[in-house]
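Report on the structure given below.
The values are calculated or read from the model by the stated rules, or taken from the named source; none is laboratory data. Nothing here was measured: the structure is a model prediction, and the numbers come from that model. All Cβ positions, glycine included, derive from the backbone under ideal geometry; neighbour counts span all protein chains shown. Note: accessible area is taken over every heavy atom of the protein model, side chains too, but ligands, DNA and RNA are not part of it. Shrake-Rupley method; radii C 1.70, N 1.55, O 1.52, S 1.80 Å.
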Amino acid sequence: MNNAPTVEEALGAALTAEYAAIFAYGPIGVRLADAARTAAREAEAAHRVRRDELVLRLSAAGGAIPADRAGYALPYPVTDAQSALRLAVEVEERTAGYWRAALTATTGAERARALAALTDCAVRATRWRRAAGRTPLTVPFPGRS
């Protein structure tokens with residue numbers, strides 16, 4: 001029995017991760033200043049673009065589009081810059097995990113887009129780790145828990 005997700009299921013899960021990432025960048029951004037706040041705005045914008053692309057792709061394919069929620073539970077309170085940076089790393093790592101899972105379900109151009117999304121999240125997580133002063137800056141297999 002094959003339990004691998006279909007392309008639509010994998011992209012739907014990635015879309016849900018993008019929704020959650022967009023939500024999380026609100027509390028993240030308000031706790032950061034200067035260049036870090038600008039980076040948070042840019043990250044949120046990148047996730048919005050990817051969300052919009054996914055909605056269009058799933059809609060064009062006639063697939064189900066998961067609904068966005070009014071809110072998402074954060075794993076811990078974001079009370080200062082350090083907790084905001086920690087959450088930013090986690091958001092990118094988690095979102096990368098959904099894109100990593102989409103790699104197995106996709107082929108061709110769709111797989112290239114999933115790989116680009118995974119890479120984008122991994123690079124952004126590295127930048128957040130650097131901003132937070134965390135080491136190591138990179139992980140061997142982005143998106144793998």
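Observations
- Residue match in segment 32-50 (condition: in contact with an Asp or Glu (Cβ under 6 Å, 6 or more places away or on another chain) and either closer than 26 Å to Glu8 by Cβ or among the polar types (S, T, N, Q) (or both)): yes
- Enumeration of residues in segment 1-43 that are crowded, with 19+ Cβ neighbours inside 10 Å, in a helix (DSSP H, G or I) and charged (D, E, K, R): Glu18
- Check on Val49, under 15 Å from the mean Cα position of the chain (by Cα) and open to solvent by 40 Å² or more (accessible area, probe 1.4 Å): yes
- For segment 80-110, taking the residues that are part of a helix (DSSP H, G or I) and among the charged types (D, E, K, R), the one that is surrounded by the most Cβ atoms within 10 Å (Cβ to Cβ) is identified as Glu92.
- Some residue of segment 61-68 being under 17 Å from Thr95 (Cα atoms), in contact with a helix residue (DSSP H, G or I) (Cβ under 7 Å, 6 or more places away or on another chain) and open to solvent by 50 Å² or more (accessible area, probe 1.4 Å): yes
- Checking Ala17 against (1) without any contact (Cβ under 8 Å) to a residue 60 or more places away in the chain; (2) over 17 Å from Arg129 (Cβ atoms), the condition it does not meet: (1)
- Among the residues here, Arg134 does not qualify as more than 17 Å from the chain's Cα centre (by Cα), without any contact (Cβ under 8 Å) to a residue 40 or more places away in the chain and more than 17 Å from Ala13 (Cα to Cα).
- Residues considered: Arg130, Arg111, Arg57, Arg37. Of these, the only one that is closer than 19 Å to Tyr19 by Cα and among the basic types (Lys, Arg) is Arg57.
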